[in-house]
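*Asks:* One structure follows; several queries about it will come next.
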Amino acid sequence: MDARRTIRAGLAVAATAGLAGALLAAPAAGDEERTSGPEWGACPADMPEAARAQLECATVPVPLDYDQPDGTTIEIMISRLASTKPADRQGVLLLNPGGPGGSGLSQPADMSALGMPSAVLDAYDLIGMDPRGVGRSAPVSCGFTVEQNYPGNVPRYAEDAAAVTEQARFARKIADQCAANDPDGRMQHMTTANTARDMDLIRETLGEEKLSFYGASYGSALGGAYASLFPERGDRIVVDSNLGATSLDRGSLRRFGLGMEDRFPDFAAWAAERHDSYGLGRTPGDVRETYFAQTSRLDDQPVGGIDGATFRFYTFVALYADQSFGPVAQLWQALDEGDAAAARSQAEKLRSTAPAAIVPGATVPSTAAGEAARQPGAATPSPYDNAWASFLAVTCNDTDWAEDVSTYRRAVAVDRERYPLFGAAAANITPCAYWHNDPVDPPVEFADEGPENVLVLQNLRDPATPHRGGEITREKFGDRARLVSVDSGGHGVYVYDDNPCALNTTTRFLLDGNLPESDVFCAASATSGLALDDVGRRERAETLVQLNRGPGSAWR
């Protein structure tokens, strides 16, 4: 029995009997013994120079289709920031920044620049990776162009049932376009389970018995899948900003609505304190009313091409990081004043710093979603094509998505009332409803039997992955996991933020491998947990800007 069939058999047993034991016997794909590690060399010239100077890169061949391990192979590019203290080295720590569709090749250098404790850098070789289909690892394409003006992978806010029908027509065109640009069928093999299998081949290629992992946002789903498919091969697993699933499934996407409701009060309080500067409301309640008044006006009369749905999206994106509050407040102000030029300028700032997989494709997204698929033959490839395409491929392949438009109409109606800020966008229909291939893998089930080695990190007020996602992940892993809840807003906990309690708890776990005795609550703190000097603080600030998480930016 080949590796993938063994894994599938194990999944079936786990699903029916609640056991993960069949997974433990699954060999890494391919039976040949790997006798040497990867050939490390210089990283690609188009990487950021600061990261390229610190890292070395290599490629690892993996099967395109794990049902045919001796068939077509693709190359996965990895990077390494090696420990410089062999006596302290404990193993490798593989990283994933999220997405799906996020390139992680520079992530080891990025996390070092953000202030990752030196004890962790000494204990591990940090391993970055462009997952299959992403960046420099056999990249896929949907043929998106600059002229096409694609509005991004988060569906438009649907004001009514007719808007859902309009979005459905657009979603079908995008699914058709992606299929037309995938003649060799590579996209169907882009799944979280296959990426987890790739990770295990990387572990084997590196000559390691076990693999430690840190993943944020969608990376939490990837970490959950690896810890479930290969429970005995994982060492220390840290999953940050959790989806509550091993995929970006429909439930995870709909929780964007809950997340915005959780997070918006932080912005409203911030804006109320600055009413004399921005004029958005003297109390948080007033700011919320301003939001709804603004969306209503823009639904009827866009300003500078920005309609109500676009305004809602930019506000959602700005909640990823406190540093984006100022730019989005300026956008609100410009729209309130009817200043089209200023509104377009502020929208461009927010667009240029939005997460790559969901960013709108032009300065101002089209007010008619259907226009986004009218120019498939335009000549200028979009710089976001791969990020958008890989996001769709993994998301659509990981789970079965409802195909009946009425299902989405009902969900939108429910979430418009339940989560009025953004629910009617998060529940709307996506190209996954019309994807051209069925999933090649069953959904990966969380395995609650195995080592107690999963640390779950979660901010209380995260707009993209609300705290409920961390609670679900903790519940699914059972005694294998502990949950660290942080009284903070925004997206990302370890190193990307710097709450002292969360930082220390995670660092201790990475160094000694022992989970806290019970779940941990970390109170809000105005004190940085990162002991950085002036040079370190400057480097961190520069890296946050580069990663779209500094002033005026948002993180994937």
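*Asks:* Average the reciprocal distances over every distinct pair of alpha-carbons in the range 58-143, invert the result, and give the Kirkwood radius in Å. Before the final figure, lay out each step's value.
*Replies:* Values: mean 1/r = 0.0713 Å⁻¹.
Evaluated on the range 58-143, it is 14.0 Å.
*Asks:* Could you order the peptides 53-65, 461-473 from most to least packed, using the average number of other C-beta atoms within 10 Å per residue?
*Replies:* Details: 53-65: 19.2, 461-473: 25.1.
Highest to lowest by the protection proxy: 461-473, 53-65.
*Asks:* Now, a different point. Give the Cα extents of the range 279-337 along the principal axes, in whole Å, largest first.
*Replies:* Extents along the principal axes, in whole Å: 29, 22, 16.
*Asks:* Then there is this: Can you give me the P(r) profile for the range 121-193? Cα pairs, bins 10 angstrom wide beginning at 0, each as a whole percent.
*Replies:* Binned Cα distances yield the sequence 15, 34, 29, 14, 7, 1.
*Asks:* While we're here: Given R₀ = 51 Å, what would the calculated FRET efficiency be for residue 269 paired with residue 232, taking r from the Cβ atoms and rounding to 0.05? Please report the intermediate quantities before stating the final value.
*Replies:* Working: r = 47 Å, r/R0 = 0.91.
After rounding, the FRET efficiency stands at 0.65.
*Asks:* Still on this structure, I have one more. Taking the simple approach of a point 7 Å from Cα along Cα-to-Cβ for both residue 209 and residue 301, what is their distance in nm?
*Replies:* In this crude spin-label approximation the distance works out to 7.2 nm.
*Asks:* Go through the chain and flag any cysteine with no other cysteine's C-beta closer than 4.7 Å, please.
*Replies:* Unpaired cysteines in the chain: none, every one has a partner Cβ under 4.7 Å.
*Asks:* With charges set only on the Cβ (+1 for Lys and Arg, -1 for Asp and Glu), what does the dipole of the range 40-114 come to about its Cα centre, in debye to the nearest 20? Walk me through the intermediate numbers first.
*Replies:* Numbers: 4 positive and 9 negative charges, 82 e Å.
In total the dipole reaches around 400 debye.
*Asks:* I've got another one for you. What dipole magnitude, in Debye to the nearest 20, does the chain give about its Cα centre under +1 on Lys/Arg Cβ and -1 on Asp/Glu Cβ?
*Replies:* On the way: 49 positive and 76 negative charges, 146 e Å.
Using only the charged Cβ atoms, the result is roughly 700 debye.
*Asks:* Still on this structure: Quick check on the chain: what does the Kirkwood estimate of hydrodynamic radius come out to from the alpha carbon pairs, in Å?
*Replies:* Details: mean 1/r = 0.0423 Å⁻¹.
One decimal place: 23.6 Å for the Kirkwood radius.
*Asks:* Please give, to one decimal in nm, the separation of the simple spin-label points placed at residue 67 and residue 531, each 7 Å out from Cα toward the Cβ.
*Replies:* 5.5 nm
*Asks:* Taking just the C-alpha trace of the range 230-352, give me its Rg and Dmax in Å.
*Replies:* For the range 230-352, the Cα-based Rg and Dmax read 17.3, 59 Å.
*Asks:* So what J values fall out for the range 432-444 if you push phi through Karplus, 6.51 cos²θ - 1.76 cosθ + 1.60 with θ = phi - 60°, rounded to Hz, Gly and Pro as x?
*Replies:* 4, 5, 10, 4, 8, 9, 6, x, 8, 10, x, x, 6
*Asks:* Give me the compactness ratio for the range 447-511, meaning the Cα radius of gyration over 2.2 N^0.38 Å.
*Replies:* 1.09
*Asks:* Please report, as a whole percent, how much of the solvent-accessible surface of the range 193-321 comes from carbon and sulfur atoms (probe radius 1.4 Å). Please list the in-between numbers first.
*Replies:* On the way: 1510 of 3480 Å².
Here carbon and sulfur together make up 44 percent of the probe-accessible area.
*Asks:* Determine, for each peptide in 398-409, 233-244, the mean count of other beta carbons within 10 angstrom over its residues, then list the peptides with the highest first. It would help to have the intermediate numbers written out before the result.
*Replies:* Working: 398-409: 17.7, 233-244: 26.4.
Going from most to least packed, we get 233-244, 398-409.
*Asks:* When the Karplus curve 6.51 cos²θ - 1.76 cosθ + 1.60 is applied with θ = phi - 60°, which whole-Hz ³J(HN,Hα) does each residue of the range 291-303 get, with x for Gly and Pro?
*Replies:* Computed from phi, the couplings for the range 291-303 are 4, 5, 5, 5, 5, 5, 5, 6, 4, 8, 8, x, 10 Hz.
*Asks:* Roughly how many debye, to the nearest 20, is the charge dipole of the range 239-279 about its Cα centre, given +1 on each Lys and Arg Cβ, -1 on each Asp and Glu Cβ, and no other charges? All intermediate terms of the calculation are to be shown ahead of the outcome.
*Replies:* Details: 5 positive and 7 negative charges, 48 e Å.
For this selection, approximately 240 debye.
*Asks:* How large, in Å, is the range 412-551 by the Kirkwood hydrodynamic radius built from its alpha-carbon pairs? Intermediate values should be presented prior to the final figure.
*Replies:* Values: mean 1/r = 0.0561 Å⁻¹.
Across the range 412-551, the inverse of the average 1/r is 17.8 Å.
*Asks:* Still on this structure, please answer the following. Once label points are set 7 Å from the Cα along Cα→Cβ at both residue 277 and residue 541, what is their separation, rounded to one decimal in nm?
*Replies:* It is 1.6 nm.
The values are calculated or read from the model by the stated rules, or taken from the named source; none is laboratory data. Everything numeric here is computed off the predicted structure, so don't read it as measured data. All Cβ positions, glycine included, derive from the backbone under ideal geometry; neighbour counts span all protein chains shown. Heads up: the accessible areas ignore ligands, DNA and RNA and are worked out on the full protein's heavy atoms, side chains in. Shrake-Rupley method; radii C 1.70, N 1.55, O 1.52, S 1.80 Å.
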